[in-house]
Amino acid sequence: MRHRERIEALIAAMTIEEKAGQLNLLADPFRWLPMAVNPLDGTGDPARVTTLIREGKVGSLFNGIGAKAGREIQRVAVEESRLKIPLLFAADVVHGLSTIFPVPLAEAAAFDVELAYRTARAAAVETAASAVHQTYAPMVDVARDQRWGRNVEGGGEDVLLNNLLATARVRGFQGDKGLDDRDAVLATAKHMAGYSAAIGGVDYNTTDMSEQTLRGVFLPPFKASVDAGSLSIMSAFNDVNGIPASGNRRLLTDILRGEWGFEGFVVSDYTSEQELIAHGFAEDGRDAARLAFQAGVDVSMVSGLYMEHLPGLVQSGEVSMARLDEAVRRVLTVKAALGLFDDPYRGTDERREKAVVGSREHIALSREAGRKSIVLLKNDGDLLPLKKSGQRIALIGPFADDVDNVWGPWTIWGAPERRVSLETGFRAAMADPALLTIARGSDVETPLAGGIEAAVAAAQGADIVVLAIGESARMSGEAQSRTEIVVPAPQQALAEAIAATGKPVVVLLRNGRALALSGAVRNAPALVVSWFLGEQMGHAVADVLFGDHGPTGRLPVSFPHRSGQQPYSYDRKTTGRPADPALETQEYVSRYRETPNTALYAFGYGLTYGQATYGEVEMASAELPWAGHLEVAITVTNTGARTAEELVQLYIHDRVASLTQPGRLLKDFKRVSLRPGESKRVAFTLHPSQLGFIGADERYRVEPGLFDVWLAPHAQGGSTATFRLVGPPSVSDGR
Ligand code: BGC
């Protein structure tokens, strides 16, 4: 590579302190001031950090944005430091920088990898133009327990969907023209690994899992990210089977580099290397720095431990100079790939920043992504779409006129003035906005004095109620674990009171996770999941509710009957005593007293304003040859009166295997648009390589035998058939 000699010359010229400095990542105190100044070392204080940059003791800064100030900070590094090595600027651009897109979980509901690519691309364009070179995204932790608050940042509960979204998002952030392209930002797949497997869904908690689960569920999206070119990986807070992820050599070196060939750098999560002490894995800061560094964490976020201890650790011989050089080389190589040695001031053109940040094109994309993320769960009596005229609508609930909860978590630099409330969206869509009445009825987690009475009065004066209830933005995200994944009690009370009026009710859920619905919410004739759709939320919701665009989203997470079913995902194993979900009660089978262990609304579920009807599964043969493929097809007919955008999903079940297998596993999906009365044949091609699993030998293997296949509208329905994979008794493909 072009810069190799330069990088080697720099490494040869660097002092040990300067080397440690390249591995030191601090919060940006110039453009972002989230925390107090650290009294011990003065970080957080702009003057102190300027001195550190000058001394070559900082390699990267994070969560500051802005072209003008970025230029000034970079100037200190490239003009006033001895070796003039440019700084790397990073930021948590999770679902948009200024233009806020739907939260990643919402976008997963679109089941549209192209859309994920486009929003990541748009976010990258804004980020790169704001003097930021790296984003701490995508989060690729697979959602297995809805109590865990950070599912909102990821791609839902299914492994295949996560793999596809991880790939799309990494490519979207990094672009197709090389990292030195003006519009590219370095992606950082996080948090490796097992972070979402926190026991009980409590954030930061311990994880304990089999090798099959680690390699079969939690690692694949990281592998997909590496394959897609992600040159940075963030290590996780949690421990995995007793070894903290940020001190886990097997994960961060043996698997990531040895097996997958990763060539970028690993960054710790916020002080996660320091937390090896609290984990009871390291004795003190020095020990923590040594363990994390030797495990493969190249860059230390915020703690300052590398700066403080690596020089001494190298001098004492506990850490080799070769390991230090290796980590520095990785960081410098990524800086070179980003073009920072050619143009350290990339992204500091204020005119360009102004032109692309919050551009009309990006705002339109946010609205498009918003409406494609909406999931219709129920529409009894065709309450939806709403009528634009001649219908008195009461928009009730804490989110009726709210703008504080449209973005969702992880938004630092959005433009507050662009947030569109439901009320604004409804008014813009209605021919006669005077027919809209608004009543909050309740606050999100506390009752509102007189709220229910006013809301009931509003409902009584209307023809239809849209009840906008659910979680606030603060209720999901980091450290927002919940014991009960329910609509908060004051809002549930509001829903009961509104239902008692007898008016038709459309429940419009706002949520950052799957919810367990009950009472009047569960029983409402119409139910819509609207997550946090980003800045254009009001318009996106109105687009769908008033029928300008039909709903097309599908649940990327199962909505259980009860909170107590967590952890829950559709791809559970059958057990030796599978329950019959059709039976109300059944003894001595795998279920709860109160409910079958199925979903109320399954993974993949979502209605349209049309009605897709599935035919029988068609297969050319009932055998899939070992070296061949099998076409599996179905005819889907729209028997409804409006267009149906159907997402046909292909699931399989390996009937007999050397390790027990999920009852169903998603292998493919295709979208098809059907006019009323129209039929289309939807065909998939299955290859043997899609049918494997991680075996007892920890390697991917495909075993011949009988398989069930479903072509289905969701994980609990569809048409099914059986085929046999014919081949050698047991084969590993060496993965
Ligand atoms: C989060 C990361 C994030 C980092 C930097 C941590 O608390 O876990 O996802 O990238 O902070 O803001």
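The values are calculated or read from the model by the stated rules, or taken from the named source; none is laboratory data. Worth saying up front: this structure is predicted, and the values here are computed from it rather than measured. No Cβ is skipped: glycine too gets one built from the backbone with ideal geometry, and neighbour counts run over all protein chains shown. The protein model used for the area step is the full one, side chains on, heavy atoms only, and it has no ligands, DNA or RNA in it. Shrake-Rupley method; radii C 1.70, N 1.55, O 1.52, S 1.80 Å.
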| query | Inside segment 376-409, can you point out the residues that are among the hydrophobic types (A, V, I, L, M, F, W, C), in contact with a strand residue (DSSP E or B) (Cβ under 9 Å, 6 or more places away or on another chain) and part of a loop (DSSP other than H, G, I, E, B)? | reply | L383, L384, L386, F399, A400, V406
| query | Are there any pairs, at least 6 apart or on different chains, whose C-beta atoms fall under 8 Å, with the first in segment 474-488 and assigned by TED's automatic domain parsing to the domain that holds A514 and over 13 Å from D145 (Cβ atoms) and the second open to solvent by 40 Å² or more (accessible area, probe 1.4 Å) and within 13 Å of the ligand (Cβ to nearest atom), and if so, which? | reply | R474/Q480; G477/W410; A479/Y204
| task | Restrict the check to segment 131-148 and report whether at least one residue is assigned to a helix (DSSP H, G or I), aliphatic (A, V, I, L, M), away from the ligand (no atom under 16 Å from the Cβ) and not assigned by TED's automatic domain parsing to the domain that holds D668. | result | no
| field | Residue match in segment 113-129 (condition: assigned to a loop (DSSP other than H, G, I, E, B) and surrounded by fewer than 24 Cβ atoms within 10 Å (Cβ to Cβ)) | value | no
| remark: Among residues of segment 425-442 being surrounded by fewer than 17 Cβ atoms within 10 Å (Cβ to Cβ) and touching a residue at least 12 places away in the same chain (Cβ under 8 Å), the residue nearest to L508 (Cα to Cα) is A428
| remark: Those residues of segment 183-205 that are in contact with a Gly (Cβ under 8 Å, 6 or more places away or on another chain) and open to solvent by 10 Å² or more (accessible area, probe 1.4 Å) come to a total of 2
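Just the residues that are farther than 22 Å from N238 by Cβ and touching a Leu at 6+ places or on another chain (Cβ under 7 Å), please, taken from segment 175-201.
The first filter runs over segment 175-201 and keeps only residues farther than 22 Å from N238 by Cβ, leaving 175-186.
Once the filter is applied, which keeps residues that are farther than 22 Å from N238 by Cβ and touching a Leu at 6+ places or on another chain (Cβ under 7 Å), segment 175-201 yields L179, D180, L186.
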| said: So if I check each of G155, G178, which one is closer than 30 Å to T348 by Cα, more than 14 Å from the ligand (Cβ to nearest atom) and among the small types (G, A, S)? | reply: G178
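The rows are residues; the columns are (1) more than 30 Å from P433 (Cα to Cα); (2) in the same structural domain as P433 (by TED's automatic domain parsing); (3) open to solvent by less than 40 Å² (accessible area, probe 1.4 Å).
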| position | (1), (2), (3) |
| --- | --- |
| D543 | no, yes, yes |
| P578 | yes, no, no |
| R591 | yes, no, no |
| P596 | yes, no, yes |
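Grab the helices (runs of 4 or more DSSP H) fully contained in segment 273-368, keeping just those with 2 or more residues being closer than 21 Å to L26 by Cβ. Before the answer, list the steps.
Values: elements: 285-295, 305-315, 321-337, 350-356.
Here the list reads 285-295, 305-315, 321-337.
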